[in-house]
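A.B. asks: Provided herewith is a single structure, encoded as structure tokens, for subsequent inquiry.
The values are calculated or read from the model by the stated rules, or taken from the named source; none is laboratory data. Remember, it's a predicted structure, so these values are computed and weren't measured experimentally. Cβ atoms come from the backbone with ideal geometry, glycine included; neighbour counts cover every protein chain shown.
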Amino acid sequence: MLRVSEVVKTFYPGTPNEVRSLRGVSFTMEPGSFTNVIGTNGSGKSTMLNAVAGVFLVDSGRVELAGDDITGWTEHQRARRIGRVFQNPFSGSAPTMTVAENLALAARRGMSRGLGWSLSTTLRGQIAERLRSLKMGLEDRLDNPIGNLSGGQRQAITLLMATWHKPDLLLLDEHTAALDPRSADQVIRLTHEIVAQDRLTTLMVTHSMQQAVHLGDRILMMHKGEFVADLSGSQKARLRPEDLLSRFDELRRRDQLTPAVGDMLEKLYV
Ligand SMILES: Nc1ncnc2c1ncn2[C@@H]1O[C@H](COP(=O)(O)OP(=O)(O)OP(=O)(O)O)[C@@H](O)[C@H]1O
Ligand SMILES: [Mg+2]
């Protein structure tokens with residue numbers, strides 16, 4: 001279970017450039033649940049994922065994962081429990097290393113060095129088997145440098161690396177946004193299959209209203225460092241992409257009002 005309580009993060013505090021990226025964000029996720037995060041550009045989605053992953057320490061608030069208070073843990077410590085896939089297909093793997101070597105690194109994460117760095121026949125077999133399950137023909141490219149693969153192929157492998165040890169939490173930050181539509185669909189299909197098979201607790205940021213509506217069991221909508229909607233159950237089941245778009249239009253309309261009127265409306269809404 002993931003529990004985020006009253007998390008605040010301000011960049012450049014007390015300066016003219018101050019950005020209040022997270023203004024006391026709270027939510028919990030049950031084990032095996034899948035939550036989508038949507039929101040306008042700069043609303044704090046990535047900052048929220050980074051706060052959970054430990055990219056920086058938060059100003060205040062608490063992050064708990066599977067019963068542990070991880071608020072003070074480093075990013076490295078959290079990486080043993082949290083798998084991540086980013087937007088950029090080039091950021092998740094080492095381009096000059098081969099497909100097999102990259103996956104072997106992920107497979108050996110947290111294991112003692114005594115097991116050696118050479119790629120054992122057993123591990124190579126396991127890697128080929130997992131690649132075969134992706135049905136992308138990547139099992140035939142074990143010895144190719146990852147840099148030679150397409151963006152979609154790289155994201156598929158990064159997804160496999162991030163989930164190799166069945167993490168307590170999987171964080172996906174617009175991991176299909178840089179791909180062509182066909183590759184994006186393929187990576188989304190794989191995401192769905194892997195997450196369902198291993199019942200992974202998954203938090204996915206997406207700009208695609210289609211993905212938000214069709215995947216997962218909950219949608220959190222962010223705006224200006226806060227959650228402005230939390231939709232699940234029958235409410236989410238009924239949603240269409242257009243419904244989400246009109247909620248964004250509504251937020252934009254409210255932003256165009258003078259701040260004073262905006263504040264007043266905010267009070268009336270709650
Ligand atoms: N490391 C940082 N240093 C300074 N400011 C930051 C940092 N990270 C994020 N911000 C600021 O915090 C705000 C929220 O950014 P964030 O990246 O979380 O938005 P986002 O919702 O992910 O947007 P997008 O949809 O464009 O990815 C922005 O104003 C951004 O400039
Ligand atoms: Mg972002």
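A.B. asks: Which of the residues that make up the range 29-61 are under 15 Å from the mean Cα position of the chain (by Cα) and not aliphatic (A, V, I, L, M)?
C.D. replies: Scanning the range 29-61 gives Gly32, Ser33, Phe34, Thr35, Asn36, Gly39, Gly44, Lys45, Ser46, Thr47, Asn50, Gly54.
A.B. asks: Further, regarding this structure: Pull up the range 79-88, narrow it to residues that are within 16 Å of ligand 1 (Cβ to nearest atom) and not hydrophobic (A, V, I, L, M, F, W, C), then point me to the one that is surrounded by the most Cβ atoms within 10 Å (Cβ to Cβ).
C.D. replies: Looking at residues that are within 16 Å of ligand 1 (Cβ to nearest atom) and not hydrophobic (A, V, I, L, M, F, W, C), I get Arg84.
A.B. asks: From the list His207, His175, exactly one residue is touching a residue at least 12 places away in the same chain (Cβ under 8 Å), within 30 Å of Thr10 (Cα to Cα) and either more than 14 Å from the chain's Cα centre (by Cα) or surrounded by fewer than 20 Cβ atoms within 10 Å (Cβ to Cβ) (or both). Which is it?
C.D. replies: His207
A.B. asks: Would you confirm, using the coordinates I've provided, whether Thr15 is loosely packed, with under 15 Cβ neighbours inside 10 Å and among the β-branched types (Val, Ile, Thr)?
C.D. replies: So Thr15 fits the description; yes.
A.B. asks: What are the residue pairs meeting all of these: first residue in the range 222-236, first residue on the phi > 0 side of the Ramachandran plot, second residue among the small types (Gly, Ala, Ser) and surrounded by 15 or more Cβ atoms within 10 Å (Cβ to Cβ), Cβ atoms under 8 Å, and 6 or more apart or on different chains?
C.D. replies: Cβ pairs passing all conditions: Lys224/Ser43; Lys224/Gly44; Gly225/Ser21; Gly225/Ser43; Gly225/Gly44.
A.B. asks: Can you tell me which residue in the range 62-107 is farthest from the chain's Cα centre (by Cα), limited to those that are aromatic (Phe, Trp, Tyr) and more than 16 Å from Leu170 (Cα to Cα)?
C.D. replies: Here the answer is Trp73.
A.B. asks: Could you check how many residues of the range 125-143 are surrounded by fewer than 16 Cβ atoms within 10 Å (Cβ to Cβ) and not in a loop (DSSP other than H, G, I, E, B)?
C.D. replies: Final tally of qualifying residues: 6.
A.B. asks: Scan (1) more than 27 Å from Arg253 (Cβ to Cβ); (2) buried (at least 18 other Cβ atoms within 10 Å of the Cβ) for the single condition Gly39 breaks and write down its number.
C.D. replies: Only one criterion is unmet by Gly39, namely (1).
A.B. asks: Now, a different point. Out of the residues in the range 46-78 meeting the condition of being without any contact (Cβ under 8 Å) to a residue 24 or more places away in the chain and not in a loop (DSSP other than H, G, I, E, B), tell me which one is surrounded by the fewest Cβ atoms within 10 Å (Cβ to Cβ).
C.D. replies: That would be His76.
A.B. asks: Hey, another quick one. So if I check each of Thr28, Thr71, Thr15, Thr35, which one is assigned by TED's automatic domain parsing to the domain that holds Asp180 and within 16 Å of ligand 2 (Cβ to nearest atom)?
C.D. replies: Residue meeting the stated conditions: Thr35.
A.B. asks: In this structure, is Ser43 in contact (Cβ under 8 Å) with a residue 60 or more places away in the chain, within 16 Å of ligand 2 (Cβ to nearest atom) and in a loop (DSSP other than H, G, I, E, B)?
C.D. replies: The answer is yes for Ser43.
A.B. asks: State which residue is nearest to ligand 1 (Cβ to nearest atom) when the search covers only the range 12-40 and only residues that are among the β-branched types (Val, Ile, Thr) and outside any strand (DSSP E or B).
C.D. replies: Step by step, filter the range 12-40, then rank; the result is Thr40.
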